[in-house]
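Before any comments, here is the structure.
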Amino acid sequence: YAGRAHNASKTLLALINDILDLSKIEAGKMEIVEDYYKLSSVLNDVVNMVQIKTEQKHLEFVVEVEQSLPDCLFGDEVRIRQVVMNILGNAVKYTRTGSVKLSVQGELVQEQTMNLKFIITDTGIGIRKEDMDKLFGDFERLDIRENHNVEGTGLGIPITVKALELMNGNMMVESVYGEGSSFTIVIPQNV
């Protein structure tokens, strides 16, 4: 009973946080707070949180980080963590067997500016072509009949997209229904 109450409270807290984040965004109150941060610390947090979930589902979790990436960056560490966790969380939720992979890369655009790139690939259920536009809608859940047992509000992707816009970033999605999806997140950061 205690375990069920704990899981229910975590689900409720996640729902409330998503609704509050969406409300902040719609009211124009979500702010980007940039500061120096360690990329290795962000990645460590993300990997530790996701690894627990992948182990529970017996999924392979692969992490590849480009060795030449600078560790000290200037940006909104909290929003970057949130964006990556939202997409990785979905990858784990919608993958029954196989793997989830996180690749982190960087591309120098100017002397002190780089495009930080997160590529999240899974062997999950994928997204139908006709559902691709719905993916970005508030409270949209795709393929409800197939995914009725998957927890979620349908707010993670819209919040992610809006947070990325505030950071001048973007996200691209490729998916093959029944085979998996690949989300590429690009966020400009100062080195």
Scanning the stretch 50-109 for residues that are under 29 Å from V191 (Cβ atoms), open to solvent by 70 Å² or more (accessible area, probe 1.4 Å) and not charged (D, E, K, R), the one nearest to the chain's Cα centre (by Cα) turns out to be V78
Scanning the stretch 151-177 for residues that are over 30 Å from Q110 (Cα atoms), part of a loop (DSSP other than H, G, I, E, B) and open to solvent by less than 60 Å² (accessible area, probe 1.4 Å) gives G152, T153, G154, L155
- request: Considering every residue within the stretch 19-40, establish whether at least one is open to solvent by 50 Å² or more (accessible area, probe 1.4 Å), modelled with pLDDT of 95 or more, under 21 Å from V104 (Cα atoms) and part of a helix (DSSP H, G or I).
  value: yes
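The values are calculated or read from the model by the stated rules, or taken from the named source; none is laboratory data. Not measured: the values here are computed from a predicted model. When we count neighbours, we look across all protein chains shown, and the Cβ atoms used for this are built from the backbone with ideal geometry, even at glycine. We work out accessible area using only protein heavy atoms, side chains counted, and drop any ligands, DNA or RNA first. Shrake-Rupley method; radii C 1.70, N 1.55, O 1.52, S 1.80 Å.
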